[in-house]
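Novice: Okay, handing you the structure first.
The values are calculated or read from the model by the stated rules, or taken from the named source; none is laboratory data. All values derive from a computational prediction rather than experimental measurement. Don't worry about glycine lacking a Cβ; one is built from the backbone with ideal geometry, like all the others, and counts go over all protein chains shown. Side chains included, ligands, DNA and RNA excluded: accessible areas come from the protein's heavy atoms. Shrake-Rupley method; radii C 1.70, N 1.55, O 1.52, S 1.80 Å.
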Amino acid sequence: MRIALVGIGKIALDQHVPALAASPDWELAATVSRHGRVDGVEAFTDIEAMLAARPDIEAVSLCLPPVPRFEAAQAVLAAGRHLMLEKPPGATLAEVHILRDMAQAAGVTLFATWHSRMARGVGPAQRWLAGRRVTGGRIIWREDVRRWHPGQDWIFDAGGMGVFDPGINALSILTAILPAPVRLLGAELDVPANRQAPIAARLSLSDGITADFDFRQQGPQTWDIELATDGGKLALRMGGNLLELDGRPALGEDSIAGEYPALYARMAELVRSAAQDVDLAPMVLVADAFTLGRRFFGPPFEF
Ligand code: NAP
């Protein structure tokens, strides 16, 4: 199947292009980006022009930041093409509800991806937790924004989500593995004086779970989830790629396809079965943190 990639920036070049090149299901047939290009692939700068010129392209994958994404998404669905969204799936929940209704009405697939859910420890963790009761836990998600998002000023604008851009990956794993729904009880958001979105956040969630998100981490980076249950302890480290049960490594040395190859395989499966996959649970927790969170304004931040 032919697919177009929109928003040729960091994640498109780091992950989407290699995953598509290796995919048995997809051929990267066009790009849409004002500056970005992929060698050997037809390049457009306007999405409407691409959709009009290439009726043979049946699916479009959007790698734009969340705020400019909705109009492009609407154009794709209005043109009757299948649509895949980078996380977070929109700037607001209402946008994604509208897109889901549009996709259903048009009879095309909408896949709101959560790449961290494809990390290799997530499925085993979900199976281990089924039938156990979570009694407490903590998420520590600390990374260096200058290393992973160099110069991306949009991330600190309204709608850019700040530290929730990576933090929502942890919440996407948590909401996938917990045996029961989780809700936000309270939040503290540290916002640089010259920015709109938080550089750090501390969340309090039901089941005694806390989260510590920080964009200022120097040296080793931390993407850990630790949970206590009535039947032992579980830890997911390295963004869900290492699993420990009661302190011992619990994954074999199986070969791994990787998160983005798994996303494109899932997209192919959804298209073939005319299905949707749109789970907003991680984004609801982030929206609730912005609703309930207490703001603390701190020193200005520059890249
Ligand atoms: P990025 O490097 O800034 O790339 C996004 C691209 O979108 C830009 O290069 C730009 O290309 C295009 N664009 C169109 N309108 C834009 C606007 N108003 N502001 C900024 N860019 C605009 O961002 P990214 O890191 O690839 O992230 C894109 C999405 O992927 C985000 O939702 C992010 O959460 C997600 N993601 C990122 C990572 C990561 O490690 N960076 C990992 C997983 C997921 P043109 O100028 O050529 O149009």
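Novice: Bin width 10 Å, alpha-carbon pairs only: give the P(r) of the stretch 2-112 as whole percents, running from 0 to the bin holding the largest distance.
Specialist: 15, 52, 31, 2
Novice: Moving on to the next point. Using a 1.4 Å probe and counting only protein heavy atoms, arrange MET238, MET1 so the residue with the most accessible area comes first.
Specialist: Working: MET238 100, MET1 65 Å².
Descending accessible area places them as MET238, MET1.
Novice: Any idea how far the Cα center of the stretch 82-147 sits from the one of the stretch 169-185, in Å?
Specialist: Answer, in whole Å: 10.
Novice: Ok, one more. Compare ARG295, ARG34 by solvent-accessible area with a 1.4 Å probe and give them largest first, with all protein chains kept in place. Provide the component values of the computation, followed by the final result.
Specialist: Details: ARG295 105, ARG34 185 Å².
If we order ARG295, ARG34 from most to least accessible, we get ARG34, ARG295.
Novice: Provide the convex hull volume over Cα atoms per residue for the stretch 105-223, in Å³. Don't skip to the answer; put the middle values down first.
Specialist: Numbers: hull volume 18.5 nm³, N = 119.
Expressed per residue, the convex hull around the Cα atoms of the stretch 105-223 is 156 Å³.
Novice: Next question. What do you get for the angle between helix 69-78 and the principal long axis of the chain? Use alpha-carbon atoms, 0 to 90 degrees, nearest ten.
Specialist: 50
Novice: Here's a follow-up. Ranked highest first by average number of other Cβ atoms within 10 Å, how do 17-25, 86-94 line up?
Specialist: 86-94, 17-25
Novice: Across every pair of different alpha-carbon atoms, what Kirkwood hydrodynamic radius in Å does the chain reach?
Specialist: Details: mean 1/r = 0.0500 Å⁻¹.
In the chain this quantity evaluates to 20.0 Å.
Novice: Now a separate question. Expressed as a whole percentage, what fraction of the accessible surface of the stretch 2-112 belongs to carbon and sulfur atoms when a 1.4 Å probe is rolled over the protein heavy atoms?
Specialist: Numbers: 2400 of 4600 Å².
Accessible surface attributable to carbon and sulfur in the stretch 2-112 totals 52 percent.
Novice: From largest accessible area down, sort TRP154, TRP128; use a 1.4 Å probe on the protein chains. All intermediate terms of the calculation are to be shown ahead of the outcome.
Specialist: Values: TRP154 80, TRP128 40 Å².
Greatest to least solvent exposure: TRP154, TRP128.
Novice: Projecting each Cα onto the charge dipole of the stretch 112-151 (Lys/Arg +1, Asp/Glu -1 at the beta carbon, about the Cα centre), which of GLY131, PRO150, THR113 comes out farthest on the positive side?
Specialist: Going by the Cα projections, it comes out as GLY131.
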